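Notes follow once the structure below has been shown.
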Amino acid sequence: MTETRPTIRLDKWLWYARFFKTRTLSGKVVTGGHVRLNSQKVLKASVAVGAGDTLTFAQESDIRVIRILAVGTRRGPAPEAQALYDDLSPPEPKTRKPMPERGGRPTKHDRRAMLRLKGKQD
């Protein structure tokens, strides 16, 4: 007898794995055509996914490539959610943004750097 692999709805799995805050939001991302399942664009949130499938989707400004390891039974704490997948996307290097892109008030370090540039160092 052939065994079927356990599957779950795509929107529910994305919510279980804590990629999106609500299941509704994960469903909107899927139905908006922003998720690929094994290199194929998915337009229905009810598509069944299981262990071994690969997902590609945008999250904020990053492109995430995820391999599903387990289906999951609930939306548990973060360590439990991270055990559901393997992140295949390369990590982005953490660099300090230049002052104008950070926005807001300059820090003490930024103010001193500006004074050095102007030649008005105390």
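Values in this text are rule-based calculations from the coordinates and carry no lab data. This is a predicted model, so every value here is computed, not measured. Neighbour counts are summed over all protein chains in view; Cβ atoms, including those assigned to glycine, are modelled from backbone coordinates with ideal geometry.
The modelled label-to-label distance for the pair A70/R105, using points 7 Å beyond Cα in the direction of Cβ, is 4.7 nm. Scoring 103-109, 62-68 by mean Cβ neighbours within 10 Å over their residues and listing the highest first yields 62-68, 103-109. Of all aspartates and glutamates in the structure, the ones whose alpha carbon falls short of 20 Å from that of K108, not counting any fewer than 8 places away in one chain, are D122. Convex hull volume of the C-alpha atoms in segment 23-122, normalised per residue: 166 Å³.
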